[in-house]
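The values are calculated or read from the model by the stated rules, or taken from the named source; none is laboratory data. No experiment lies behind these values; they were computed from the predicted model shown. Reconstructed Cβ throughout: ideal geometry from the backbone, glycine too, with neighbour counts over all protein chains shown.
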Amino acid sequence: MKKGVLLFANNNEQIDYIKQAIFCAKRIKRFTKLHVTLVTDDIEHLKKFPFYKKYINNVVKAQSSKETQQKKFYDGDSYIDATWKNFSRATCYDITPYEQTLVIDTDFIINSRSVLECFNTNYDFLINRFAFDLNTTRDNSSELLVSNTSIPMYWATVFYFKKTTKTKILFDLIQHIRDNWSYYKLLYNIVSNTYRNDYAFSIALHILSNHQSITWPKVLPTLYMITGKDILLDITETKMVVLLQQGQKEIACSMTGSDLHIMNKFSLDRYIDKDFANE
């Protein structure tokens, strides 16, 4: 298997990431036909979805992390605090069965064939530098840097890598940063206690650039996203319809032929339930 997609899904008390991963894989198959591997710490949960093998080709058992952290998960104006299990992504170099791997968040919804272009490049690592919020009235300038006085932010929502010596060093370094997060958080003046893969990847790239301007890797096109305060309404063919929160107002918006990172896990979950009713 020379190329494929790697998905990580570890459920918490409220969110079924495994269900999201199956839907994500369904979209991947529809638009790209790529081989898909799911990495999860709860393989038994897949039995709730007997049709999952139509979309997921391979399942890898992930070790349950001893580390835990809490995060606010929004559904419009409301939110819950729940466990966020996001520590395993740093291991993707060792886990992947592919020579060329595309790693995708389970809430990143494929709506085009554009990700296939990653496999037609000579670059060994590709990642997003910028994320574009569909709600252009929001100030997301804080997401341009890891912290106000720190380094550029790179988004680990979607990235591509080939197995090379350099990418092996990168992922070993990311694991080191993850395992020593309290130190690197202070070193890079990160106020939040929450470990984010975006932070760890950004710091690793900065270190590998000799703590100077980051010139490697090659940057992917801008990542489109909506926040947890926005609502996914519908997906039809290649069109997605969302409700954007703008102050006290809500604005309907649609986009066609573009992939979208949907950070409101609950509205995505509601849509998936409707979609899976036809399986």
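For every residue, the table says whether it meets (1) without any contact (Cβ under 8 Å) to a residue 12 or more places away in the chain; (2) within 30 Å of Leu205 (Cα to Cα); (3) buried (at least 17 other Cβ atoms within 10 Å of the Cβ).
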residue	(1), (2), (3)
Tyr224	no, yes, yes
Leu233	no, no, no
Val241	no, no, no
Gly247	no, no, no
Met255	no, no, no
Lys274	yes, no, no
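Restricting attention to region 12-33, the residues that are assigned to a loop (DSSP other than H, G, I, E, B), surrounded by fewer than 21 Cβ atoms within 10 Å (Cβ to Cβ) and either touching a strand residue (DSSP E or B) at 6+ places or on another chain (Cβ under 8 Å) or among the small types (Gly, Ala, Ser) (or both) total 3. Out of Lys72, Lys26, Lys48, one residue alone is at pLDDT 90 or above and over 18 Å from the mean Cα position of the chain (by Cα). It is Lys48. Among the conditions (1) modelled with pLDDT under 95; (2) surrounded by fewer than 21 Cβ atoms within 10 Å (Cβ to Cβ); (3) not acidic (Asp, Glu), the only one that Ala90 does not satisfy is (2).
Quick check on region 78-124: of everything there that is part of a loop (DSSP other than H, G, I, E, B) and aromatic (Phe, Trp, Tyr), which residue is nearest to Asn197 (Cα to Cα)?
Here the answer is Phe87.
Among the listed residues Glu67, Glu99, Glu117, which satisfies the condition of being of a type outside the set (Lys, Arg) and more than 30 Å from Lys218 (Cα to Cα)? From the options Glu67, Glu99, Glu117, the qualifying one is Glu67. Would you confirm whether or not region 93-109 contains a residue that is touching a helix residue (DSSP H, G or I) at 6+ places or on another chain (Cβ under 7 Å), at pLDDT below 95, of a type in the set (S, T, N, Q) and surrounded by 19 or more Cβ atoms within 10 Å (Cβ to Cβ)? No, the conditions are met nowhere in region 93-109. If you go through region 200-222 one residue at a time, how many are out of contact with any helix residue (DSSP H, G or I) (no Cβ under 7 Å at 6 or more places or on another chain), over 17 Å from Asp172 (Cβ atoms) and either in contact (Cβ under 8 Å) with a residue 60 or more places away in the chain or outside any loop (DSSP other than H, G, I, E, B) (or both)? Result for region 200-222: 5. For region 97-116, which residues satisfy the criterion of being farther than 18 Å from Ala131 by Cα and touching a Ser or Thr at 6+ places or on another chain (Cβ under 7 Å)? If the condition is that a residue be farther than 18 Å from Ala131 by Cα and touching a Ser or Thr at 6+ places or on another chain (Cβ under 7 Å), then Pro97, Arg113, Leu116 are the ones that fit.
Does region 263-270 contain at least one residue that is free of Cβ contacts under 8 Å to residues at least 60 places away in the same chain and either over 20 Å from the mean Cα position of the chain (by Cα) or in a helix (DSSP H, G or I) (or both)? Yes: region 263-270 contains one or more residues that are free of Cβ contacts under 8 Å to residues at least 60 places away in the same chain and either over 20 Å from the mean Cα position of the chain (by Cα) or in a helix (DSSP H, G or I) (or both).
Of everything in region 172-191 that is within 18 Å of the chain's Cα centre (by Cα) and surrounded by 20 or more Cβ atoms within 10 Å (Cβ to Cβ), the residue that is modelled with the highest pLDDT is Ile174. Applying a threshold of 9 Å to beta carbon distances and a minimum spacing of six or more residues, or different chains, the list of pairs starting in region 57-76 at a residue that is in a loop (DSSP other than H, G, I, E, B) and ending at one that is at pLDDT below 90 and surrounded by fewer than 11 Cβ atoms within 10 Å (Cβ to Cβ) reads Gln69/Asn193.
Looking only at residues of region 223-241 that are assigned to a loop (DSSP other than H, G, I, E, B) and closer than 27 Å to Glu117 by Cα, we find that the one that is nearest to the chain's Cα centre (by Cα) is Thr227.
Criterion applied to Thr137, Thr149, Thr157 was being within 26 Å of Leu260 (Cα to Cα) and surrounded by fewer than 13 Cβ atoms within 10 Å (Cβ to Cβ), and the one residue passing it is Thr137. Of the residues making up region 13-42, those that are under 18 Å from Cys92 (Cβ atoms) and not small (Gly, Ala, Ser) number 13.
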